[in-house]
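Here is the structure we will look at, set down as C-alpha cells.
The values are calculated or read from the model by the stated rules, or taken from the named source; none is laboratory data. These figures come from a predicted structure and were not determined experimentally. Using ideal geometry, Cβ is built from the backbone for each residue, glycine included, and neighbour counts are taken over all protein chains shown. SASA here: full protein model, heavy atoms, side chains in, ligands and nucleic acids out. Shrake-Rupley method; radii C 1.70, N 1.55, O 1.52, S 1.80 Å.
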Amino acid sequence: QMDPQLLRYIHRNAVSNACKYGQQGGLVLSLASYDHDTSEFELQVINSPGLGHRRLQELGPGASDAVFEQGKMLHQELDIGKHLF
C-alpha cells in the first residue's frame, strides 16, 4: 500500500528542485502512473535545463553520479559552488 503523505513529500521535493535548478520561468510537468499488474507507481517531474546544465555535462559522469546518489549534494561532492547555479 502506498503512503499518500510520503508521495506528496516526494512530489513536492521533486517539483521544488525542478523550479530551483530548471530554466527560470520554464514549464514544470508532473506525470504519474500506476501499473496494476506489477503494482508499480511511477512519478516523473520534467523541466527544461537551467543555467548549470551545460556545466554539469562538461563535468561528465561524476556529476550525474553525485546528483542522483542518495544523500549526496552536488556542490560538496564536485566542489563547484555557487557558480554552477
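Residues are listed down the side, and each one gets a yes or a no for (1) acidic (Asp, Glu); (2) modelled with pLDDT under 75; (3) assigned to a helix (DSSP H, G or I):
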{"residue": "GLN1", "(1), (2), (3)": "no, no, no"}
{"residue": "ALA14", "(1), (2), (3)": "no, no, yes"}
{"residue": "ILE46", "(1), (2), (3)": "no, no, no"}
{"residue": "GLN76", "(1), (2), (3)": "no, yes, yes"}
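If I filter segment 20-46 down to residues being more than 30 Å from GLN1 (Cβ to Cβ) and open to solvent by less than 90 Å² (accessible area, probe 1.4 Å), which single residue comes out as nearest to the chain's Cα centre (by Cα)? Of everything passing the filter in segment 20-46, GLY22 is nearest to the chain's Cα centre (by Cα).
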